[in-house]
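Take a look at the structure set out below.
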């Protein structure tokens, strides 16, 4: 999967990934005398709010300033010091990012150590709030959600590619999980691509039937059923926009609207006509509120 304007992880189903904050947030507030020289057993994401610092991560020298984030990989030796006149502040968060509960997704990627966050205008208040509200000795559900936003933004800006060594080994279960994730992401991004499954089977170093079973083990659907699910999710969007059942069926490649209706009810639990009716009622109520406000 190539990097797109929507971010490298945009098509990945959310239940495929799990982030774990392995300790409470480090609220950085470093003066001129601050120095660090250590390594961590897990990954560490540093986000700078004010000031500047210089780091050596293994054999690489990097600097970080406001609006920039830095990844320190697990087990990497790093040294850091403040290089600005102003105080160096921000957050440092130890974490793991697991794919299907086991594969370390970060280790499958080639990432720049540092990246300027392209959405900093929106992220700066979030990072500041994250810093201000972080408990001293624990983590919270809200932190997990906020950190996932920050982390995925960093990955989108720092991503260089998937490590070929991680994807080529047939014996590596992490590689199998990565190939399954990439296929799921392609399908999620474009369920109308009828060749996605065939292209994936030609690309991966696995027997197609074995790959199909492994996909179903992780998602509960075969790749083909996963395509149907993503089509039905897109159908929800089309119906909410006011398209008819017939128009929606045709847009999704179903020649028979009755067959489409049966598939929709099987996956969504309601008929498309009833779903469209509820969408029409919501739009009517929104219009009524709009005119009430205009009076």
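Couple of notes before you dig in:
- Condition check for residue 175 on (1) at pLDDT 90 or above; (2) within 20 Å of residue 15 (Cα to Cα); (3) part of a helix (DSSP H, G or I): one failure, at (1).
- Count - residues of the stretch 21-44 that are in contact (Cβ under 8 Å) with a residue 24 or more places away in the chain and in a loop (DSSP other than H, G, I, E, B): 11
- Being touching a residue at least 60 places away in the same chain (Cβ under 8 Å) and assigned by TED's automatic domain parsing to the domain that holds residue 34 is a description that applies to residue 134.
- One residue from 47, 127 being part of a helix (DSSP H, G or I), on the phi < 0 side of the Ramachandran plot, surrounded by 18 or more Cβ atoms within 10 Å (Cβ to Cβ) and outside the structural domain of residue 176 (by TED's automatic domain parsing): 127
- Residue check for residue 152: at pLDDT below 95 and within 13 Å of the chain's Cα centre (by Cα): yes
- Which numbered condition residue 151 fails, given (1) in a strand (DSSP E or B); (2) under 18 Å from residue 19 (Cα atoms): (1)
- With a requirement of 2 or more residues that are at pLDDT 90 or above and crowded, with 19+ Cβ neighbours inside 10 Å, the helices (runs of 4 or more DSSP H) lying completely within the stretch 187-257 that satisfy it span 208-219, 223-240, 245-251.
- Boolean, residue 154 is under 19 Å from residue 13 (Cα atoms), in contact with a strand residue (DSSP E or B) (Cβ under 6 Å, 6 or more places away or on another chain) and assigned by TED's automatic domain parsing to the domain that holds residue 74: yes
- Among residues of the stretch 12-42 being surrounded by fewer than 14 Cβ atoms within 10 Å (Cβ to Cβ) and within 30 Å of residue 189 (Cα to Cα), the one that is nearest to the chain's Cα centre (by Cα) is 14.
The values are calculated or read from the model by the stated rules, or taken from the named source; none is laboratory data. These figures come from a predicted structure and were not determined experimentally. Here Cβ is always computed from backbone atoms with ideal geometry, including for glycine, and neighbour counts include all displayed protein chains.
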